Amino acid sequence: MIFRYTDPELWEFLQLASCIDPRFKSMPYVTDAERKKLFKRLATKVVDMQKESLSGLGTLVLLLLLILFL
């Protein structure tokens, strides 16, 4: 199979984007093992982003959002 995108980082970025797009979420073009690995990678990125947002200004913004929506 010839891949259009040969840069591994770009390929992973596009695959992660496909994971969160409801139109492509089932990802029939990758194996089950690759799909599980991609969703695990996506979960890791979400956790890392959450950790970053809880530091500094992110904590203040989160607190304000909680106050506004509770």
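The values are calculated or read from the model by the stated rules, or taken from the named source; none is laboratory data. Small disclaimer: the values here were computed from a predicted structure and weren't measured. All Cβ positions, glycine included, derive from the backbone under ideal geometry; neighbour counts span all protein chains shown. We work out accessible area using only protein heavy atoms, side chains counted, and drop any ligands, DNA or RNA first. Shrake-Rupley method; radii C 1.70, N 1.55, O 1.52, S 1.80 Å.
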Query - Å² per residue, accessible surface of segment 1-47 at 1.4 Å - result: 86 Å²
Report summary line: Expected vector for segment 4-12, Karplus 3J(HN,Hα) from phi with 6.51, -1.76, 1.60 and θ = phi - 60°, integer Hz, x for Gly and Pro, equals 5, 9, 9, 6, x, 5, 5, 4, 5
Query - Segments 25-35, 9-19 sorted - mean Cβ within 10 Å per residue, highest first - result: 9-19, 25-35
Query - In nm, spacing of pseudo-spin labels at E34 and E12 (7 Å Cα→C-beta vector) - result: 1.5 nm
